[in-house]
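This report concerns only the one structure given below.
The values are calculated or read from the model by the stated rules, or taken from the named source; none is laboratory data. Note that the structure is predicted; figures quoted are calculated from it, not measured. For neighbour counting, all protein chains shown are included, and Cβ atoms are generated from backbone atoms with ideal geometry for every residue, glycine included. Calculation scope for accessible area: heavy atoms of the full protein, side chains included, ligands and nucleic acids excluded. Shrake-Rupley method; radii C 1.70, N 1.55, O 1.52, S 1.80 Å.
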Amino acid sequence: MSESPRVDLILSSGFLGFARHLGFLRGVEEAGLAPGAVLGTSSGAVIGGLYAAGHSVNAIEAMIEEFRRPILRLGFARNPLRGLFSLGRLVEFLEAHVPARFDQLELPFAVGVTDARGAHRLITSGPLPQAIAASSAIPRVFQPIAVDGELCVDGGVCDRVGVRAYDRWRDGHDPLIHRILPSLGRELPGALLGRRVIESPRSRANLFSLGNFRAEAEESYRITAERLQTVLG
């Protein structure tokens, strides 16, 4: 039996866009594609990290149920000047579901963050749960996370997708990009021209509720299934 074709996947940032990314991944799997490597930013880092750790789409969906009411899973920060909420419980959740370090994953994986100098940085090694959480730390909303001694925040502040950093990491590969339409963050002009991109609508989730999770996942699954043949040519 021949192996499924492998394709690198990029999961963009998208405020609490977990359902969107899971719908996309389900569509990719049902098309018979297997991931070669994964890059994720913000919500894309959370879903991408769980996926690169070997969890199925169904298993990840069940895990995210823990965050059905996100604000109930957050604690207020001791120093609100750096952000109102702590992501300590997200780190604990990740520690329970992903390996301690990048090199223990089943797939090559990268996380987009913004470093202490305000520059975009791709993390591909070192402590994994902290890097994923840092990629989700929206400034002023969440506290920054220390990764190898450096305070980092949401990579979407500098680059929601991270495709140029991806090119430096995986030179010679042509990724399939899932772009959730932007609500926050920055996109580099022209970075997606000529790229293989599937777009999902903005997530309707918020800190009080992930909303109709299954409906959003199903919508992104249908979009992916409809677009894949055209995008992959």
Residues of segment 90-105 being open to solvent by 30 Å² or more (accessible area, probe 1.4 Å) and within 16 Å of ALA146 (Cβ to Cβ), which ones? GLU92, GLU95, ALA100, ARG101
Can you tell me which residues in segment 106-122 are within 12 Å of GLY156 (Cα to Cα) and open to solvent by less than 50 Å² (accessible area, probe 1.4 Å)? VAL111, GLY112, VAL113, THR114, ASP115, GLY118, ALA119, LEU122
Out of the residues in segment 15-50 meeting the condition of being assigned to a loop (DSSP other than H, G, I, E, B) and either under 8 Å from the mean Cα position of the chain (by Cα) or among the hydrophobic types (A, V, I, L, M, F, W, C) (or both), tell me which one is surrounded by the most Cβ atoms within 10 Å (Cβ to Cβ). SER42
Considering only segment 1-14, state which residues are farther than 16 Å from GLY54 by Cβ and surrounded by fewer than 22 Cβ atoms within 10 Å (Cβ to Cβ). MET1, SER2, GLU3, PRO5, VAL7, ASP8
I'm trying to understand the selection: among the residues of segment 169-228, which are surrounded by 14 or more Cβ atoms within 10 Å (Cβ to Cβ) and among the acidic types (Asp, Glu)? GLU187, GLU199, GLU216, GLU218, GLU219
Regarding segment 81-104, can at least one residue be identified that is part of a helix (DSSP H, G or I), out of contact with any Gly (no Cβ under 6 Å at 6 or more places or on another chain) and either of a type in the set (Ser, Thr, Tyr) or under 22 Å from ILE177 (Cβ atoms) (or both)? yes
Restricting attention to segment 125-155, report how many residues are open to solvent by 20 Å² or more (accessible area, probe 1.4 Å) and within 14 Å of the chain's Cα centre (by Cα). 3
Contacts under 6 angstrom Cβ, first residue in segment 195-215 being acidic (Asp, Glu), partner at pLDDT 95 or above and open to solvent by 20 Å² or more (accessible area, probe 1.4 Å), 6 or more apart: GLU199/ARG179
Would you confirm whether or not segment 55-64 contains a residue that is under 21 Å from LEU232 (Cα atoms) and within 14 Å of the chain's Cα centre (by Cα)? no
Are there strands (runs of 3 or more DSSP E) fully within segment 139-233 with at least 2 residues that are of a type in the set (Asp, Glu)? List them. 150-154
Does segment 125-136 contain any residue that is touching a Pro at 6+ places or on another chain (Cβ under 8 Å) and in a helix (DSSP H, G or I)? yes
